[in-house]
1. Please state the shape class of segment 161-208: rounded when a/c is under 1.5, otherwise prolate if a/b exceeds b/c and oblate if not, all from the C-alpha gyration tensor.
2. Using the charge dipole of segment 345-435 (Lys, Arg: +1 at Cβ; Asp, Glu: -1 at Cβ; taken about the Cα centre), state which of Gly385, Leu420, Ser374 has its Cα farthest towards the positive end.
3. Once a ≥ b ≥ c are taken as the square roots of the eigenvalues of the Cα gyration tensor of segment 296-382, is the result rounded (a/c under 1.5), prolate (a/b larger than b/c) or oblate (a/b not larger than b/c)?
4. By how many nm would the segment from Tyr103 to Glu752 lengthen if fully extended, with 0.36 nm per residue of separation less the alpha-carbon distance?
5. Points 7 angstrom from Cα along the Cβ direction at His175 and Asn290: gap in nanometres?
6. How far, in nm, would the chain grow between Ala723 and Arg351 when pulled straight, counting 0.36 nm per residue and subtracting the alpha carbon separation?
7. Please give the net charge around Val605, taking every other residue with its beta carbon less than 10 angstrom from that of Val605, where Lys and Arg add +1 and Asp and Glu add -1.
8. Write down the percent of antiparallel bridges among all DSSP beta bridges whose residues are both part of the chain, to the nearest 5.
Amino acid sequence: MSSGNGSSVPNEVDVVVVGAGFAGLYLLHRLRKLGLSAKAFDAAGDVGGTWYWNRYPGARCDIPTTDYAYSFDPELEQDWTWSEKYATQPEILSYLRHVADRYDLRRDIEFSTSVASATWDESAARWQVVTDRGDQVVCRFYVMASGCLSLPKSPELDGAERFRGDVYYTSRWPHEGVDFTGKRVAVIGTGSSGIQSIPLIAAEAAQLTVFQRTPNFSIPAHNGPPAAERLAALERDRAAYRESARWSRGGVPAELTDVSGVTATAEVRRARFEAAWEAGELFAILGVFNDLMLNPASNDIVAEMIRERIRSIVLDPATAAALCPSDHPFGTKRPCLDSNYFQTYNLPHVRLVDLRREPISTVTEAGIDTVGESFEFDAIVYATGFDAMTGPIVAVDISGRGGVTLKEEWADGPSAYLGLAAVGFPNFFMITGPGSPSVMSNMVVSIEQHVDWVVECIDHIGTEGYDTVEPTPVAQVGWMQHVADCAAITLYPTANSWYMGANVPGKPRVFLPYIGGVDAYRAVCDEVVAADYLGFRFTGSKGSHCNDGVVRRIQPDVAMVLEMMAAMELPPLESMTVEDARAFMTATAAMSPPGPNVGEIVDGVLPGAAGELEYRLYRPASAGPHPVVAYFHGGGWVLGGRDSDDPLCRDLCARSDAIIVSVNYRHAPETRFPAAAEDAFAAVRWIAANAAELGGIPGQLAVAGWSAGGNVAAVACQLARDAGGPDLVGQLLLSPVTDSDMSRPSYQENAEGYVLTAALMRWFWDHYCDPADRMNAKASPLRGDLSNLPPALIVTAEFDPLSDEGVAYAEALADAGVPVRHLAARGHIHTSVPMVDVVLSGANVRAEMALAIRSFFPAAVRV
Ligand SMILES: Cc1cc2nc3c(=O)[nH]c(=O)nc-3n(C[C@H](O)[C@H](O)[C@H](O)COP(=O)(O)OP(=O)(O)OC[C@H]3O[C@@H](n4cnc5c(N)ncnc54)[C@H](O)[C@@H]3O)c2cc1C
């Protein structure tokens, strides 16, 4: 034994665990079952973690207790009955004590002991762990089960140490409780802990003054007995209920809605909101609309209904106004569940001080001075939150390979693979680490999943005879990119929340948790294991082994579209008749969101190469005249038209402030090659000649096109050059067909599964063009003379059979001296960038496209 404190800390164990909350306890239990020796340390005096420390009045969970409980042992479930829908802190703590007793866990836990450092010893392939009490333990695996919300944030108030009265922190509440009877009390902070404790403190105190920096959204918890329907579902089939929680979005079984806030009627909106308000559950209110966390307009409907409720509860209009959150979208900070929080402000002895209007200047010996007033208090309660997720991890001096510390590695924000492990730190795991669903979920479900994964990984190492495991840089960077991609399409990053690290001065602004959902995340973790631990490197005496790679490369919203399409089990387009394929395209276009408003939309006809062609003109809302873009739709020369590409044209018009003229060219197989290309050129000529009549600026004409439309746009540029005009100032080619050669790698790699398949492309070519003509530059512009063409932006999608020929065109243009930029749309497929208001991750790409259009025109005509 090597205990610096006379305790029973062994010299060496298989695993050291930091923390004895929900995570540490379950981990100990699982490790023991595997026959491994383990030691846990906790700074707390007993088990419980969060529920040991946070003993403030009103402390409760905000996930129904039927769900906020372990599910790993049905017998444990059977012998525990929760008394309330949302159990109080003492009840949850009793539960965790019961768990510790039931599985005899305390004998492997060292309490009142902080882990100070953990150092990887490369030569021994062991961690050396040191505690604040002088214990030194060597272990093979080191696991931080240290909690996401276990490191309180200091209040950062000038003069805080001067106050002579009593000071309390909600996160370090005295075990004997506090009696506020007859006291003048200040509460600083109106996050979840403030909102839970304020009504109870108000019930005792003679005076309560609440200092609020940011008002928070809160809905009534409607606490009472556990919900009958949840109990009944558990009774009916406990295993099935738990399994559905594991595969739910947030870790609580819930039906997802397909009702969009923006398209629902006023009655539907109201009814859905009222039902969620009455349910008093987090995931009910966060699930009112399917676009609640994606679309600001949808979000504001719910936000305003909550503000309406606040105004109806709080009698004093000024106080009500100060309590109404307006600086962040609803849900971007974890909403609170309360019991009579807003009602408390109607009590005569309760007062709200709005720190945005009247900041605190200093804490004094007697109380608090704001810029306008001096307050005297007997007690100050700080409910000022936590240095969330990363704080407790980097608080330990964790030093990995080469002596690099995790704190240094994470100086600009955390980097971890699956929130479980980090490059450079072998045999190191985190439970609910950054980049995992953690605080976005019912954490007990997430904790169980992480513990199971880690234990199985450790078991794998043992059975396979390896010594170490560590993620690869490729896998880690790829995962962090995916985590960021998922957050980027939501409203979450717009708030100054603790999810973003914004509550801690100097902390990097990074969206810390994984927002893709408990279900999606579990699928990822399972897939990683099934793919031979994709992205993990194992080493041992028999050598090293690694299946390197990135687990999620497709943009999350593109993946959702693919999943929806797969669920529809549609026949491949190329198996349909041309008529059926066109009808399908028309139906799809009719279901698409319309795209943004523009100043004016005018339909007309223009002379094509052999008869009239329909066009649609999109005019910007700003005063004209405008530069003009001749646009050609996608659809493999066979399908599509001005309707199919309408949202994209609106979007390009609104973003670029140019007139877009979308032209219907003749389709194959009715009119085959070179009809489409010649129509495109005829349209360009007519638009150039009629620019002024169309409201455009003569001489300021560019072309644009998507897919086959990109093909005819590129050809039109070559024909215009050869014909000596019209002069074109730019070409924007989105995933263009530039060559009939289908042997490039992208054709093989993306042959199937990404909507535009190699087979469909063959079908298009066969309808459009005889094999003998396909090398002609009017069919394969890559084969033409590329000199003296207008500047170009070529956009390619990563998962597109056509991506290599787009790159080839960009390279060939550059070789020919044409100013060209290539933009690779990461994680996109052939059809996703044009999906305006469906694939939100395409918005950045479309913004770049619009910027390119603007750049084609001289500064004098750009708005
Ligand atoms: C007031 C409050 C209410 C919450 N309500 C909910 C809820 O309703 N639903 C939900 O899903 N989540 C809730 N949470 C989140 C909650 O933290 C988790 O649900 C869960 O309790 C986390 O368990 P854990 O074991 O991972 O971490 P914790 O319970 O935080 O335990 C971690 C332990 O590690 C110890 N520790 C940390 N660093 C060290 C170190 N260096 N040395 C020694 N010991 C260390 C800490 O002392 C702590 O005891 C709430 C959090 C708070 C603060």
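1. Cα axes put segment 161-208 in the rounded bin.
2. Checking the options against the dipole of segment 345-435, the answer is Leu420.
3. Prolate.
4. 228.5 nm
5. It is 5.2 nm.
6. 126.0 nm
7. -3
8. 40
The values are calculated or read from the model by the stated rules, or taken from the named source; none is laboratory data. Fair warning: this is a prediction, and the values are worked out from it, not measured in the lab. All Cβ positions, glycine included, derive from the backbone under ideal geometry; neighbour counts span all protein chains shown. The accessibility values were calculated without ligands, DNA or RNA, using every heavy atom of the protein model including side chains. Shrake-Rupley method; radii C 1.70, N 1.55, O 1.52, S 1.80 Å.
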